[in-house]
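Student: This structure is in structure tokens; I'll ask about it shortly.
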Amino acid sequence: MIRIIAGGKKHAAWCKEACAEYEKRLRKPWNITWEFVDEEKLSRRLAEWPFEKGRHFVICCDERGKNISSGEYSEMLSGALVGGREVVILIGGAYGFDAEVREKADFVWGFSRLVFPHMIARLIVAEQIYRASEIVKGSAYHHE
């Protein structure tokens, strides 16, 4: 399973609809659950770091992170899922995450050198999870 913890308000209607389009196509272990946490509360929660090495594979979405290809992302996710780890993807607030959170994550992912608003970042995450699952299946959705 893939758990996405996003700082901020719940999806706007357009974002909910767009994310749902990708989510309905996903099958276990690629299924997504969303958790929305007020940005201030998210910072406090992550300060306690509720994730366990070996049990969770934590990806922190942050503009300072590493840019990777969809194929590399697919390998990372499928490796964690096959290894029995729960994937946790963190989408932070307007200022990203502090250094401590980035250091604790298994991977810090920067989508590009561009900065995106929360709702678009959420949509990118949902689409890339779907794309990763399709890459693993060898479907025609992803082509290089």
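The values are calculated or read from the model by the stated rules, or taken from the named source; none is laboratory data. Since we're looking at a predicted model, the values are computed, not measured. So basically every Cβ, Gly included, is an ideal-geometry build from the backbone, and we count neighbours across all protein chains shown.
Student: Assess whether Ile4 counts as being closer than 28 Å to Ala140 by Cα, in a loop (DSSP other than H, G, I, E, B), at pLDDT 95 or above and in contact with a Phe, Trp or Tyr (Cβ under 9 Å, 6 or more places away or on another chain).
Tutor: no
Student: Could I ask something else about it? Read through the list (1) acidic (Asp, Glu); (2) within 20 Å of Phe111 (Cα to Cα); (3) out of contact with any Lys or Arg (no Cβ under 8 Å at 6 or more places or on another chain); (4) modelled with pLDDT under 95, then give the number of the only condition that Asp38 fails.
Tutor: (2)
Student: Another one. Could you give me the residue pairs with C-beta distances under 7 Å whose first residue belongs to region 133-144 and is surrounded by 10 or more Cβ atoms within 10 Å (Cβ to Cβ), whose second residue is hydrophobic (A, V, I, L, M, F, W, C) and outside any loop (DSSP other than H, G, I, E, B) wherever it lies, and which are 6+ apart or on separate chains?
Tutor: Hits for this filter: His142/Ile135.
Student: Now for a separate question. In this structure, does Gly79 turn out to be more than 14 Å from the chain's Cα centre (by Cα), at pLDDT 95 or above and farther than 15 Å from Ala126 by Cα?
Tutor: Considered against the rule, which asks whether it is more than 14 Å from the chain's Cα centre (by Cα), at pLDDT 95 or above and farther than 15 Å from Ala126 by Cα, Gly79 comes out as yes.
Student: Against the condition within 12 Å of the chain's Cα centre (by Cα), under 16 Å from Ala126 (Cβ atoms) and among the aromatic types (Phe, Trp, Tyr), how does Trp14 come out, does it pass?
Tutor: Against the criterion (within 12 Å of the chain's Cα centre (by Cα), under 16 Å from Ala126 (Cβ atoms) and among the aromatic types (Phe, Trp, Tyr)), Trp14 does not qualify.
Student: Given the structure, is Phe107 within 29 Å of Lys9 (Cβ to Cβ) and modelled with pLDDT under 95?
Tutor: Criteria not met by Phe107.
Student: May I pose another question? Please state which of the following conditions Asp98 fails to meet, knowing it meets all the rest: (1) surrounded by 19 or more Cβ atoms within 10 Å (Cβ to Cβ); (2) in contact (Cβ under 8 Å) with a residue 40 or more places away in the chain.
Tutor: The one condition Asp98 does not meet is (1).
Student: Test Val88 against the stated conditions and say whether it is crowded, with 17+ Cβ neighbours inside 10 Å, under 11 Å from the mean Cα position of the chain (by Cα), β-branched (Val, Ile, Thr) and within 17 Å of Arg25 (Cβ to Cβ).
Tutor: The answer is no for Val88.
Student: Now a separate question. I'm trying to understand the selection: among the residues of region 57-85, which are over 19 Å from Asn31 (Cβ atoms), out of contact with any helix residue (DSSP H, G or I) (no Cβ under 9 Å at 6 or more places or on another chain) and either free of Cβ contacts under 8 Å to residues at least 24 places away in the same chain or surrounded by 15 or more Cβ atoms within 10 Å (Cβ to Cβ) (or both)?
Tutor: Glu63, Ser69, Glu72
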